[in-house]
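Engineer: Here's a structure for you.
Coordinate-derived values only; no laboratory data. Bear in mind that the values here come from a model prediction, so they are computed numbers and not experimental data. Note: ideal-geometry Cβ built from the backbone for every residue, glycine included; neighbour counts use all protein chains shown.
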Amino acid sequence: MKKIIILATAVLLIAMNAQCETITIVADEFCPYNCEPSSSEPGYMIEAAVEILGAAGHQVNYSLLDWDQAVEEAGAGKYNAVVGAAKEDAPGFIFPEEPMGGASNAFYTRKDDNWTYSGEASLKGKKIVGITSYTYDDKVDALIASNGMYVDSLEQALEALLSGKADILPENQYVMSMFTMKNFISDAIRKAGDVDGGESMVYVAFSPANPKSKEYADTLTRGLKKMKTDGTWGKLIEKYGLSF
């Protein structure tokens, strides 16, 4: 009898271990969507993914990586997913049905600059600073390439803007709000209009190279729907100063 019990326990443990997998998620920092991994607030998308996938028996490992590298290597199967991706950012990836919020870009200037975006013509003659590996829209990308500059981070982009090396900085509105608030420079810049194109939905996007990606995406969809129904989602995004 003891042998039967031991054997049954061993089979159960093997089955549980087979279901419990480590899911690796990578991206560049895009706070409040995904923030510093070691922080008590690693980003609302990370917190949601950890809660939902953890409840399904999985462990989530999240780390920062250059965005282009993250998409390329997750696409090849080295990592399980990227976070903070719109569908056009990661073609071919497996997306949950349920998005994790929206992302929209705006133009920012120094506080003492009264320029306001009023269409493509208003950008002519302006030096725009963009972040390497980011895309904005076709006309903004073309203007940065012809009469602008690229830097490696939002911190460097803001330094260029505030020092006068650049006139305009396009950036995600939630990211800019979070960054400038944390660095006490909210009063140094102003929003000067929305980038054309409206809002894009953002997701945790799973690798097309992993046969279990559809299963992970479906798990996330079910969990997100539950969080949005029971109020957990609202409390989570409120913690990050969001309300969508």
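Engineer: What length, rounded to one decimal in nm, is gained on full extension from Asp66 through to Asp187, with 0.36 nm per residue of separation minus their alpha-carbon distance? Before the final figure, lay out each step's value.
Structural biologist: Working: separation 121, 0.36 × 121 = 43.56 nm, distance 2.92 nm.
Extra length from Asp66 to Asp187 when fully extended: 40.6 nm.
Engineer: Which of Gly43, Gly75, Gly92 moves most in a GNM of the chain, Cα contacts under 10 Å?
Structural biologist: Evaluated over the chain, the most mobile residue of the options is Gly92.
Engineer: What is the calculated FRET efficiency for Glu51 to Lys124, with r their C-beta to C-beta distance and R₀ = 45 Å, to the nearest 0.05?
Structural biologist: Values: r = 47 Å, r/R0 = 1.05.
E between Glu51 and Lys124, to the nearest 0.05, is 0.40.
Engineer: Of the chain, which part is the longest with no GluC sites (Glu not before Pro) in a loop (DSSP not H, G, I, E, B) and with at most 13 other C-beta atoms within 10 angstrom?
Structural biologist: Working: sites that count: Glu88, Glu97.
Free of exposed loop sites, the longest segment is 98-244.
Engineer: Once phi is turned into ³J(HN,Hα) by the Karplus curve 6.51 cos²θ - 1.76 cosθ + 1.60 with θ = phi - 60°, what whole-Hz value does each residue of the stretch 191-201 show in order, with x for glycine and proline?
Structural biologist: 7, 10, x, 8, 5, 4, x, x, 9, 10, 7
Engineer: Excluding residues fewer than 8 places away in the same chain, name every one of the lysines whose C-alpha is closer than 24 Å to that of Lys228.
Structural biologist: In chain and number order, the partners are Lys87, Lys214, Lys239.
Engineer: If the cut-off is 17 Å between C-alpha atoms, which aspartates and glutamates fall inside it for Lys165, apart from same-chain ones fewer than 8 positions away?
Structural biologist: Leaving aside aspartates and glutamates fewer than 8 places away in the same chain, those within reach of Lys165 are Asp112, Asp113, Asp152, Glu155.
Engineer: Add -39500 (n - 2.57) for each DSSP H run of 4 or more in the chain, then divide by its residues: what number comes out at 222 nm, to the nearest 500 deg cm²/dmol?
Structural biologist: -12000 deg cm²/dmol
Engineer: Output the lone cysteines of the chain: those with no second cysteine's C-beta under 4.7 Å from their C-beta.
Structural biologist: Cys20
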